[in-house]
Amino acid sequence: MSGHAAAATRRYRGRFAPSPTGDLHAGSLLAAFGSWLLARHRGGDWLVRIEDLDPPREVPGAAERQLRALAAFGLDSDEAVVRQSRRHALYQQALDRLIEQDRAFVCRCSRSDLAAVGGIHRRCVATSSDAHKPAAPQAAIRLRVNDGDIVTFDDAIQGPQSQDLAHEVGDFVLRRADGYWAYQLAVVVDDADQGITDVVRGADLLDSTGRQILLQRALGLPTPTYAHLPLLLDAHGRKLSKSDAARPLDPADPLPALRAAWQTLGQSAQALDAVATVTEALDAARVSFNPAQIPNHVSGLAAMHNDPGANAV
Ligand code: GLU
């Protein structure tokens, strides 16, 4: 991966932003450790933000368990942990600006209305727009995507990216019909508000980045540098199954999972061979970390299962 000239003049600020939908697992540890390593490598700050904006998907107590697990892995936020559920006013301000600029609009299209147009919203096609119909959905608010809104960016790990938002995504939701904030709006507002210069996260979110850059432009916010870490693939090159990827880590025995994440990030196993504690592991990792070795894809579970007896990863 390569650095980014624009970000080089500002102090590096990275973050890890889990949703509290379950326990910390191999995929989330990879994102946490990878973002921490890159922040430390650049002498920067590393922040943790809990993305608790989707109560129907949240698991009670998961945020606290994630934070405790991160602490067991030695990954503590450099600043107070931010929780999105306490930041509605910021999201509302951003939404109001977009509505004033006529970039955001009220939409009553349901999923089935949009199925007829391939799920891509280009104009409202709601058949249930009569608000008096019992089945009428609540209104969502969407960002208008204009024809020709093509976002290109250079991902520090995945390379050059381009997305034609009008064709591939369409007008996208900022506030959901059920009243909850959409991830895309909240993440953009928070990354800017927290002064994040470098977003490092799993490649499953690569596809969201175009929307986030478009929103940054609409709101006049800076665009951070993006680095999408390799997805964990199974031995057949398929995305790791939910059950494998979501198996909780054992915070009581952090070293095997930390070593596995280290190797998945393309780093030399020997660097952590002799360590006996998490503190020693993180110190050794900081010293020998080489960002250029991070692969863009990882196939096979070998690296994840370097300890056949462990069920930690
Ligand atoms: N909260 C998102 C997730 O857990 C990650 C958001 C991000 O890193 O941008 O998938």
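Relative contact order of the chain, taken over Cα pairs closer than 8 Å and 6 or more residues apart, is 22 percent.
Carbon and sulfur: what percent of the chain's accessible surface (1.4 Å probe)?
Numbers: 7260 of 14350 Å².
Summing carbon and sulfur atoms, their accessible area is 51 percent of the total for the chain.
Taking 7 Å steps out from each Cα toward its Cβ at S288 and A80 produces label points 3.9 nm apart. The alpha carbon gyration tensor of the chain gives principal lengths a ≥ b ≥ c with a/c of 1.5 or higher and a/b greater than b/c, which makes the shape prolate.
Counting heavy atoms of the protein chains only and a 1.4 Å probe, report the per residue accessible area for the chain as a whole number of Å².
46 Å²
Think of each Lys and Arg Cβ as +1 and each Asp and Glu Cβ as -1; about the Cα centre, that makes the dipole of region 1-85 roughly 360 debye.
Ranked from largest to smallest solvent-accessible area, with a 1.4 Å probe on the protein heavy atoms, T209, T127 come out as T127, T209. Backbone N atoms of region 193-210 closer than 19 Å to the 7 Å Cα→Cβ label point of S162 belong to residues 206-210.
As I understand it, the value is the acute angle between the Cα axis of helix 26-41 and the longest principal axis of the Cα atoms of the chain; what does it come to in degrees, rounded to 10? Helix 26-41 sits roughly 80 degrees off the main axis of the chain. Ligands, DNA and RNA excluded, the heavy atoms of Y183 present near 70 Å² of accessible surface to a 1.4 Å solvent probe.
Note on region 10-81: along the principal axes its Cα atoms extend 37, 22, 19 Å, ordered by decreasing extent.
Seen against the Cα atoms of the chain and their longest principal axis, helix 62-72 is set at about 30 degrees.
Relative to the longest principal Cα axis of the chain, at what angle does helix 88-100 sit, 0 to 90 degrees, rounded to 10? Compared with the principal axis, the helix lies near 40 degrees. When each of the peptides 150-162, 60-72 is scored by the mean number of other C-beta atoms lying within 10 Å of its residues, the order from highest to lowest reads 60-72, 150-162.
The values are calculated or read from the model by the stated rules, or taken from the named source; none is laboratory data. Remember, predicted model here, so these are calculated numbers, not experimental data. Neighbour counts are summed over all protein chains in view; Cβ atoms, including those assigned to glycine, are modelled from backbone coordinates with ideal geometry. Surface accessibility is based on the protein's heavy atoms, side chains included, excluding ligands, DNA and RNA. Shrake-Rupley method; radii C 1.70, N 1.55, O 1.52, S 1.80 Å.
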